[in-house]
Every structure is written in structure tokens, then in C-alpha cells.
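Written below as C-alpha cells is the structure these notes are about.
The values are calculated or read from the model by the stated rules, or taken from the named source; none is laboratory data. These figures come from a predicted structure and were not determined experimentally. Here the Cβ positions follow ideal geometry from the backbone for every residue, glycine too, while neighbour counts run over all protein chains shown. Each accessible area value is taken on the protein alone, full model and side chains, heavy atoms only, with ligands, DNA and RNA left out. Shrake-Rupley method; radii C 1.70, N 1.55, O 1.52, S 1.80 Å.
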Amino acid sequence: MATSSVPRIWGCLRPPSPTTNTKISAPFTAAPLSFSPSILCGSNRIQLDISRASLRTHAKFEKFHCEDETPQEPVELQQDEDEVEVEDEDDSCLPSDLEGAVRQSSQASAMFVSSGGTRAIVELLIPQLQFLDEEGAQAELWELSRVFLDSLIEETGCQKVKAIFPDAGAAALLKYRWKDAVFGFSSLSDRKPVESEDEIVVMVVPDYQMLGYVEKIAANLSDDPPRPLIMWNPRLVSEDVGVGFNVRKLRRYFLSTFTTVYSMRPLPSGAVFRCYPGSWKVFYDDKERPNRYLLAKEQISRPDAEELEIIFGDVEEKSEKGPSLLSRAAGIFSSMNRFMRVISK
């Protein structure tokens, strides 16, 4: 297997799985998310027009456990208590690091496919996968997609997985580098990106500029017998194209046919999370324990910007202290998602 170089986003407080050679690097500085980047420029290089001067916020996903240097109780008893504590934690469902999130998303995707689902979306809305203008960011993106694909094959047991990359250059380069990959390679612009023997298809960061190809492939996979299609971190909605009829139509008639099986979205003072078959969860910072989260609300559907403002507002009202970062978080989130709120109507 190829060695992956995966960035750390929440701190590696749980050691990586012994079955992987993935290396974790330094912690990250989170940033507000944007739906405006364009990653397809006709070559294997992703280019983004994102201002480095944009507001940066800190979303913490470090779930650390304090360990006494001199245990006062027998080891077995202490371990049992630790296990009970972890089970009771609101944020125990959150992954410890980026690789853990990617693997968790593959497990959710596999469960969705095994239940008969055919159209799934995996979205990791974090800076490393949203802001790719820094050196080496694109390479990290590809390595993370490799982790997802390998994990998906392991979870499903399917050996006929086809990975469709944004352009022919990227597909050719990665096929050359990953000679030991057990999945197939193609690009959105290939004349025949999906073969009849392919059983599961994964589109890696499909872009709105290639929407026509995406819709065509999805339609072909719906033919009898239907085959599962997973879009990994799709970028099919962009502020660059405006909020018009085409975008509304895209969301209403195409994206609405997909199920978001995994979503991780850090906020300035919390997070929105979903892992199939679980429900959507909104977390906020635990003021008593740095870098930990408390569950604010759990619901069946994805919370929109207005709902998040209400949720964070309710949390703040229950707090004994005055205005806090929660109010600023709600305001920042509202401004960042004004575009998404409009096209969701």
C-alpha cells in the first residue's frame, strides 16, 4: 500500500490505527468555509481564488483525556470507568483527527450502500479540504481520497470500485503513483468513465464546471440495475455562478436525490455533524473543558442558518454569563451562509 501523508486537524490524541502508515502533521488553524472555489482548470492542478485576508476562526476538535500520572485505583477498574465516561460524553461520536473522519465517512458510506442506498454525499467541510491554495494542499487532498477509497473497499468488501477524478491529468498522475491501488481510475471528461463491471463509483471533488458530466454519469448509473454513486466532497454549488434558476434547479432536482451520509462542519464555536445512520447534531464549546463539545440539539434534517442562530441563541440564554463567543459564532455563521440560505428556498 502507498504511504499517505495526512494532515492533523484536531490534534492526534488517539494514536493512529496500527494498520495504516499515515503520518500526522502539525495542528491546523481553521477558517470559515466557502462555496466559491473552482478546482477544475483543465489540468491536474487545483486553483482557488480565495483571499488569504479572509476572517479566520478557530474550530477545535481535540478530544483529549486527562490521565493521572499516579493512578490511585487498580488499572482494570480505572479502564472500566474511563470506558463508561467515554460512552456518556456528548462528543464521543466525533472523530479525533482528519484520518479518523475520513475512515468514519467510509464506514457510513458502506453502511448506506449495504442498506440499498444508491446516491450518497460525503462532505468534510474543513480548511484542509476547502482552502487548497497552500503548497502541498492538493497532494494532501489526493492522499485523503486514497484513504477513503481503500477504507470503502475494506468496509464493503467490493473489489470493483471506480474512482472518478476531476480531470484526465489528475487521474493519470495518481494512477501512475498508486500502482498498487485495487480500485479503477477515470476522469469526468473520459469518453467512458464507468465500465459495466464497476459496482461502486466514487466521484472525487466533482466541480460545478463539470456538472453536465456529473449528471450524465449519475443518470447512467441509475439504469437497471442501479449502482451506488458516492460524491466525495462535491463542489457543485458556487457563489461564482450566482444565485439563479440553474442553481435552484440543481439543488431541487439533482442534489435532493442524494443522501448526505457524512458531514463534518466546524464552526467558530461549535460544529455540525452527521454520520449515517445517525441524525444531525449541533455541538457547542464546553466552557468548563477546553477543546471539548456539548450537544446543543439533535434533529433529523440538516439545520439551516436560521436554525443554527436560534440554537446558539438558546445556548447563550441558558448561560449565566453575558455575551460570549456563541453570539459571534451565530453571527459569523449567518453571514457566511447567506448565499446557501437563499438557494435553499
Give me the accessible area per residue for the range 98-342, probe 1.4 Å, as a whole number in Å².
44 Å²
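Please sort 230-236, 155-161 by packing, taking for each peptide the average over its residues of neighbouring beta carbons within 10 angstrom, highest first.
Details: 230-236: 23.7, 155-161: 15.6.
Ranked by mean Cβ neighbours within 10 Å, highest first: 230-236, 155-161.
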Tell me which of 273, 171, 254 sits at the most positive position along the dipole axis of the range 98-342, charges placed on C-beta atoms (Lys, Arg +1; Asp, Glu -1).
254
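Quick one: which of 295-308, 256-269 comes out on top by average Cβ neighbours within 10 Å, and what's the full order, highest first?
The packing order, highest mean first, is 256-269, 295-308.
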Dipole moment magnitude, nearest 20 debye, the range 124-274 about Cα centre, only Lys, Arg, Asp, Glu C-beta charged
480 debye
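Within the accessible area of the range 98-342, what % is carbon and sulfur when the probe is 1.4 Å and the other protein chains stay in place? Before the final figure, lay out the partial values.
On the way: 5350 of 10810 Å².
Using a 1.4 Å probe with all protein chains present, the range 98-342 comes out at 49 percent carbon and sulfur.
Apply 1/(1 + (r/R0)^6) to the Cβ-Cβ distance of residue 298 and residue 256, taking R0 = 30 Å, and write down the FRET efficiency to the nearest 0.05. Display every interim value, and only then the final one.
Details: r = 22 Å, r/R0 = 0.75.
Efficiency computed from Cβ-Cβ geometry: 0.85.
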Pairs of Lys in the range 98-342 closer than 15 Å at Cα, counting only those 8 or more apart or on different chains
8
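Applying a 10 Å radius around every beta-carbon, put 118-129, 282-293 in order of their mean neighbour count, most first. List each step's numbers first, then the result.
Numbers: 118-129: 21.4, 282-293: 17.7.
In decreasing order of mean packing, 118-129, 282-293 become 118-129, 282-293.
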